[in-house]
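All of the numbers you see were taken from the coordinates with simple rules; none came from a lab. No experiment lies behind these values; they were computed from the predicted model shown. Note that each Cβ is placed from the backbone with ideal geometry, even for glycine, and that neighbours are counted across all protein chains shown.
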Amino acid sequence: MNKIPHAKPARVNRNQQFLLLNNPLPLKPSALPKFASAQDLVERMKPSEPVHCLRPHAIKTATKFFVSAFPGQVMYAVKTNPEPYVLKTIFKAGVRHFDVASLAEIELVARECPKAMMHYMHPVKSRESILHAYHKFGIRSFSLDSLDELKKIQEMTQHAKDLTLYIRLSIPNDHAAYSLQGKFGVQGEEAVTLLRAARDVASKLGVCFHVGSQCMDPADYRVAMAKTRALIDDAGVAVESVDVGGGFPSIYPDLAPPSLQGYMDTIRAALDENGFAGGMDVFCEPGRALVAENGSVVVKVELRKGNALYINDGVYGSLFDAGYPGFVYPTRAIRPLESFSGELESFKLFGPTCDSLDAMKGPFMLPADIAEGDWIEIGGLGAYGQTMRTKFNGFFSDKQAEVADAPMLSLFGL
Ligand SMILES: Cc1ncc(COP(=O)(O)O)c(C=O)c1O
């Protein structure tokens, strides 16, 4: 039973509401309207557009865990959530390295966290972005997975002698909820050839890989490192850096991973076993695990048809991963003036656009009596949520608020 406590009287007038949620200026973290929880937000604002709820305290906790537990340096994957408040919170919590994948991300990090060190970890880059990354923004590390990209990097940096070049290796993504295999990465003879060619021109040579996003088994990092060691030995080159990528999981209703400490212990042991410990630069590139728990979106139910709810955000908004990859997110129904009386039942959701792909099969657990006009908080959306929004069909909300309560699900005991 989802019992909602009594409603509090509205504490802001309509004018204040407008100022709080329709501020046309980019909002700094300190300028965000603050609420105790999404319930509090709904009671006071009755929002008719989706509101993205942020929990800086959750980002801080996750980041501090990684900084202290990972046996190397943490490099935040900016693509996961490039909101300025996220970048700044992560930097303040101790991360100094940022994985960027485009010129726009480079400009953003340079503006928001000017002291951060950027690494251009997209294996396929435009010539213009390499030129600006190297000459204008001082970026010296680049990843690549082909001889043609190596040639491009050399030409656009005018054969610079101070490059750190990471060869992106293709390794199995066997236990990832979201496989990243097939698009990037080299293996076998191709990897050997590229390692040797990059060694000839790099100041520092590195290797990197990605075990796939939401990797549910830490042993995949061990397998990846053994394969990496074998390729380095085949190539007969010295390597100065190893980057074990992202893939660290968050928690979802149907995806509860083993403890993150277990991932750190496995990685530490595998670094040791494969001769990557001591004297090497070791990096990880987490995205999801640092920011997923912090974010949620408050949506409104526009219509109910049986156990299908039509809501005002969807897969063309911040719920992209609830669509095709079918992520199931935690949900909480909110009704300001009354309690829900129904038991929890499974619902599917439809987004606001006219497109039939704007459908999220869930199951999302909500009270049986949920109805048009109620709100739902959907959690676990800090990673690959806000960043995936489009303006398709005219639906787009940039309303944000800071909330102080704990994430709906947490791997960090929040
Ligand atoms: C190169 C690279 N590094 C890091 C990440 C972050 O991965 P995750 O969010 O699974 O930690 C990604 C995600 O696509 C990526 O492509």
Worksheet item: Gain in length, Gln154 to Gln261, computed as 0.36 nm per residue apart minus the alpha-carbon separation, to one decimal in nm?
Response: 34.6 nm
Worksheet item: Label-point separation (nm) for Arg268 and Val67, each offset 7 Å from Cα along Cα-to-Cβ?
Response: 1.9 nm
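For the ranges 289-302, 90-103, 376-389, what's the packing order if you count other beta-carbon atoms within 10 Å of each residue, average per peptide, and put the highest first? Don't skip to the end; give the middle numbers.
Working: 289-302: 26.9, 90-103: 20.6, 376-389: 24.8.
The most tightly packed comes first, giving 289-302, 376-389, 90-103.
Can you tell me the alpha carbon radius of gyration of the range 261-414 divided by the globular rule-of-thumb value 2.2 N^0.38 Å? Mind showing how you got there, number by number?
Working: Rg = 19.0 Å, N = 154, 2.2 N^0.38 = 14.9 Å.
Compactness ratio reported: 1.27.
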Worksheet, complete the sentence: From the Cα centre of the range 169-196 to that of the range 44-60, the distance in Å is 38 Å
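Per-residue ellipticity at 222 nm for the chain, helices alone: DSSP H runs ≥ 4 residues times -39500 (n - 2.57), over residue total, nearest 500 deg cm²/dmol?
Details: 11 runs with 117 residues, N = 414.
Estimated from H runs of four or more residues: -8500 deg cm²/dmol.
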Worksheet item: If you project the alpha carbons of the chain onto the principal axes, what extent comes out on each, in Å, largest first?
Response: 69, 40, 40
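So, R0 is 22 Å and r is the distance between the beta-carbons of Cys354 and Tyr324; what FRET efficiency does that work out to, to 0.05? Each step should come with its number before you reach the end.
Working: r = 18 Å, r/R0 = 0.80.
FRET efficiency, Cys354 to Tyr324: 0.80.
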Worksheet item: What share of Cα pairs, in percent, lie more than 34 angstrom apart in the range 58-291?
Response: 9 percent
Worksheet item: For the range 210-310, taking Cα atoms only, what is the radius of gyration to one decimal and the Dmax to the nearest whole Å?
Response: 18.9, 64
Item to complete: Give me the angle, in degrees from 0 to 90, between the Cα long axis of helix 103-112 and the longest principal axis of the Cα atoms of the chain, rounded to the nearest 10.
Response: 70 degrees
Worksheet item: What does the charge add up to near Phe396, with Lys and Arg as +1, Asp and Glu as -1, over the other residues with Cβ less than 14 Å from its Cβ?
Response: -1
Worksheet item: Gap in Å between the Cα centre of the range 87-134 and the Cα centre of the range 301-336?
Response: 33 Å
Discussion item. I want to verify the translational diffusion coefficient of the range 185-261 in µm²/s; compute it with Stokes-Einstein, Rh as the Kirkwood radius over Cα pairs, at 20 °C and 1.002 mPa s.
Written reply: 155 µm²/s
Discussion item. Out of all Cα-Cα pairs in the range 349-414, roughly what percent, to the nearest whole number, are more than 21 Å apart?
Written reply: 40 percent
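Of all DSSP beta bridges in the range 58-291, what percent run antiparallel (nearest 5)?
Numbers: 3 of 30 bridges.
Close to 10 percent.
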